[in-house]
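Engineer: Submitted below is the structure of interest, expressed as structure tokens.
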């Protein structure tokens with residue numbers, strides 16, 4: 001096997017400008033063609049270069065909309081506190 005013809009996942013990640021996990025995910029999904037030798041993925045350099053021409057990496061994780069948490073107490077809790085303080089005032093008098 002010609003060692004210059006194939007690249008490792010780490011080398012492929014450097015060429016594509018992504019993390020090695022991204023390359024492994026592309027291989028597992030079949031978007032990038034490669035072979036498993038033992039427990040290591042190898043990618044044909046020519047196929048990687050063709051893939052790199054059309055691949056645009058996504059930056060970061062997708063944004064999720066988060067609801068802001070209010071520091072205010074719910075009305076039901078406020079009503080319980082008021083009732084308790086009214087009771088304490090009646091009993092304490």
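Read-outs throughout are calculated quantities, based only on the coordinates presented, and are distinct from any laboratory measurement. All figures in this text were calculated on a predicted structure; none of them were measured in a lab. Ideal geometry is used to build each Cβ from the backbone, glycine not excepted, and the neighbour counts take in all protein chains shown.
Engineer: Taking neighbour Cβ counts within 10 Å as the exposure measure, how do 18, 9, 59 sort from fewest upward? Please list the in-between numbers first.
Structural biologist: Working: 18 17, 9 21, 59 6.
Listed from fewest to most nearby Cβ atoms, that is 59, 18, 9.
Engineer: While we're looking at this one, here's another question. If each of residue 10 and residue 91 carries a label point 7 Å out from its Cα toward its Cβ, how far apart are those two points in nm?
Structural biologist: 7.0 nm
Engineer: Could you list 32, 16 so that the one with the fewest beta carbons within 10 Å of its beta carbon is first and the one with the most is last? Don't skip to the answer; put the middle values down first.
Structural biologist: Working: 32 23, 16 20.
Exposure proxy ranking, most exposed first: 16, 32.
Engineer: Sticking with the crude label model, points 7 Å out along Cα→Cβ, report the distance from residue 83 to residue 28 in nm, one decimal please.
Structural biologist: Placing both labels 7 Å beyond Cα along the Cβ direction yields 5.2 nm.
Engineer: Would you mind ranking 76, 8 so that the residue whose beta carbon has the fewest other beta carbons within 10 Å leads the list? All intermediate terms of the calculation are to be shown ahead of the outcome.
Structural biologist: Numbers: 76 7, 8 15.
In order of increasing Cβ crowding within 10 Å: 76, 8.
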